[in-house]
Amino acid sequence: HVKARGKDGYRFYSESMNIDTVNRLSLERDLRQALENNELRVYYQPQVCAKSGRIVGLEALVRWQHPDRGLLYPKDFLPLAEETKLIVALSEQVLAQACRHVKGWILDGNRDLRLAVNMSPIQVEHPRFVENLIRQLKNEEFPASHLEIEITENVIMNDLKQISQKLQQLADHGVRIAIDDFGTGYSSLNYLHQLPIHTLKVDQSFIRGIGNGEDDACIVNAIVAMAHGLRLDIIAEGVETDAQLAYLRGLGCQQIQGFLYGPAQPPEAISRMLDGQRVRAVV
Ligand code: C2E
Ligand code: MG
Ligand code: MG
Ligand code: MG
């Protein structure tokens, strides 16, 4: 009896493994194609000034318009892109698209508009990370001071010395550096005054707890207070409700990103939002 169960178990396991392997291989093939056929789309999520309600930044968030499977999200393909190192080529395409769109909007009159782009650990660890990034900005004629790169705490803790040199070089070119998902990584706070960091992004898990659990609100209070003390900018991620916005405003949190102001959207929709904002500003 035990043996039979074991056998069934084994067969079941091995079939599901096969399906996974086939899926994986076809997804990898598709992803290579996607890079050749320009199937990646960059969507943009507004980062809004808490006081004025104006869009001050846009975070580039990659989507994949798959020919059969429809619109795919980062969770569906980024892990594979990282395993296969295709992330390096993918990131170049994302940055190229994003530079073109945002440069257009800056030239259209949104003069202080900032572009935020996520950086994968694989990409950052690449020996020519800084060189490649700066070369791309030059090629696209995109002003370095309008770019904010987002890295997570885990990237920093991997190799503090290397990272510190790379970030300093980027900062010397005027690139801004944000810590994404702040408060969720395995890291000490020590790096905050050793690295050229401009912005902390409070992770959405803490924001979600505002109004629900005392603990999360306490953590948000502490992060915002610390950012003020260290003169860092702060962006609250995943803000969905007016109550959360009011609370964050009360703390003096400068920037808000979340469904309350809108999800990541294609460039056409962002153009309309920016146009509306300019009209309002003139009136
Ligand atoms: P992230 O950088 O922390 O981006 C925020 C994620 O939260 C985005 O998911 C965004 O759509 C979602 N989000 C924004 N506001 C809200 C909200 O109010 N409520 C909720 N529930 N969610 C909200 P998305 O686009 O699926 O991206 C997931 C992650 O994938 C990103 O997390 C980032 O780590 C990674 N990613 C996205 N695009 C890129 C890229 O071009 N390159 C790299 N290396 N990573 C990327
Ligand atoms: Mg991010
Ligand atoms: Mg985040
Ligand atoms: Mg994240």
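Overall form of the stretch 58-188: oblate. Here a/c, set by the Cα gyration tensor axes a ≥ b ≥ c, is 1.5 or more, and a/b is not larger than b/c. For helix 74-83, report the angle its Cα long axis makes with the longest principal axis of the Cα atoms of the chain; keep it between 0 and 90° and round to the nearest 10°. On a 0 to 90 degree scale, this one is about 70. Binning the alpha carbon pair distances of the stretch 15-80 at 10 angstrom intervals from zero yields the distribution 18, 39, 22, 14, 7, 1, expressed in whole percent. The angle between the Cα long axis of helix 160-172 and the main principal axis of the chain comes to about 40°, on a 0 to 90 degree scale. State whether the stretch 151-283 is rounded, prolate or oblate according to the following rule on the C-alpha gyration tensor (a ≥ b ≥ c being the square roots of its eigenvalues): a/c under 1.5 gives rounded; otherwise a/b larger than b/c gives prolate, and the remaining case gives oblate. Note, shape of the stretch 151-283 comes out oblate.
Taken about its Cα centre, the chain carries a charge dipole of about 260 debye when Lys and Arg each add +1 at the Cβ and Asp and Glu each add -1 at the Cβ.
Counted over the chain, the DSSP beta bridges are approximately 40% antiparallel. Annotation for the stretch 155-195: chymotrypsin sites (Phe, Trp or Tyr not before Pro) lying in DSSP loop with at most 12 further Cβ atoms inside 10 Å of their Cβ are Y186. Ellipticity at 222 nm from helices only: DSSP H runs of n ≥ 4 in the chain, each -39500 (n - 2.57), divided by the residue count, give -16500 deg cm²/dmol. Compactness ratio for the chain: Cα radius of gyration over 2.2 N^0.38 Å (N = residue count) comes to 1.12. When the Gaussian network model of the chain links Cα atoms closer than 10 Å, the mean-square fluctuations of T184, T84, T152 top out at T84. Computed over the chain, relative contact order equals 18 percent, with contacts defined as Cα pairs under 8 Å that lie 6+ residues apart. Working from label points 7 Å from Cα in the Cα-to-Cβ sense, the M157 to N212 distance is 2.4 nm. GNM on the chain, alpha-carbon springs under 10 angstrom: the most fluctuating residue among A50, A34, A264 is A34. Could you give the distance between the Cα centres of the stretch 75-106 and the stretch 184-205, to the whole Å? Each part reduced to its Cα centre gives a spacing of 23 Å. For the chain, the longest principal axis of the alpha carbon atoms and the long axis of helix 267-282 meet at an angle near 10°.
Result for the chain in a Gaussian network model with C-alpha springs under 10 Å: among C218, C99, C253, the largest mean-square fluctuation is at C218. Taking the Cβ-Cβ separation of Q65 and T241 as r and a Förster radius of 30 Å, what is the calculated FRET efficiency to the nearest 0.05? After rounding, the FRET efficiency stands at 0.45. Of the trypsin sites (Lys or Arg not before Pro) found in the stretch 59-140, those that fall in a DSSP loop while having at most 14 other beta-carbon atoms within 10 Å are R69, K85, R111, R128. Once the 1.4 Å probe is applied to the protein heavy atoms, the stretch 20-100 comes out at 49 Å² accessible per residue.
The values are calculated or read from the model by the stated rules, or taken from the named source; none is laboratory data. Please read all numbers here as calculations on a predicted model, not as lab measurements. With ideal geometry, Cβ positions are generated from the backbone for all residues, glycine too; neighbour counts draw on all protein chains shown. Ligands, DNA and RNA are excluded from the accessible area calculation, which covers all protein heavy atoms including side chains. Shrake-Rupley method; radii C 1.70, N 1.55, O 1.52, S 1.80 Å.
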